[in-house]
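Engineer: Quick one: this structure, given as structure tokens, is what I'll be asking you about.
Every number here is computed from the coordinates shown, using simple stated rules; none is lab data. Remember, it's a predicted structure, so these values are computed and weren't measured experimentally. Cβ coordinates were reconstructed from backbone atoms using ideal geometry, including for glycine residues, and neighbour counts include every protein chain displayed.
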Amino acid sequence: MSSMLYVGTCSVCGTGAIGVRVGASPRCVVGMCDECDTVWLDPQLQDGPHFPEQPDVPCPREGSSLRHSPAHWASKAEAAAAGWGGAVIGETDSIG
């Protein structure tokens, strides 16, 4: 498990936390469910849900992997720089 900033609970699976995720390309910062990998493109969770294909879970914006390194859960500084800082409601341990 790793620490994750979250912005809400997934409306698709109903149990996962939506964390701020940085893709393999740092140009891709999204909200991603740590359980079902559903993705939202904006901090208000209006642009989504998107369902990227497994196993790479490509970013809907530019195609880099949201699953494989160097993809990672965003730090507070990364979330703020990408415009997600104001949407963060807490920090928790990630399932995936």
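Engineer: For the chain, go through all pairs of different Cα atoms, get the mean of 1/r, take its inverse, and jot down that Kirkwood value in Å.
Structural biologist: The answer is 12.6 Å.
Engineer: In addition: Using Cβ counts within 10 Å as a stand-in for footprinting exposure, how do 13, 28 rank, fewest first?
Structural biologist: Listed from fewest to most nearby Cβ atoms, that is 13, 28.
Engineer: What's the extension gain from residue 92 to residue 62 if we count 0.36 nm per residue and subtract their Cα-Cα distance?
Structural biologist: 8.1 nm
Engineer: Continuing with the same structure: To the nearest 20 debye, what is the magnitude of the charge dipole of the stretch 3-89 about its Cα centre, counting +1 on the Cβ of each Lys and Arg and -1 on the Cβ of each Asp and Glu?
Structural biologist: Charge dipole, the stretch 3-89, about its Cα centre: 220 debye, nearest 20.
Engineer: Can you compute the helix-only [θ] at 222 nm over the chain? Use -39500 (n - 2.57) per DSSP H run of at least 4 residues, normalise by all residues, nearest 500 deg cm²/dmol.
Structural biologist: Result for the chain, helices only: -1500 deg cm²/dmol.
Engineer: State, to one decimal in nm, how far the label point of residue 77 lies from the label point of residue 13, with both points 7 Å from Cα in the Cβ direction.
Structural biologist: Here the answer is 3.0 nm between the modelled labels.
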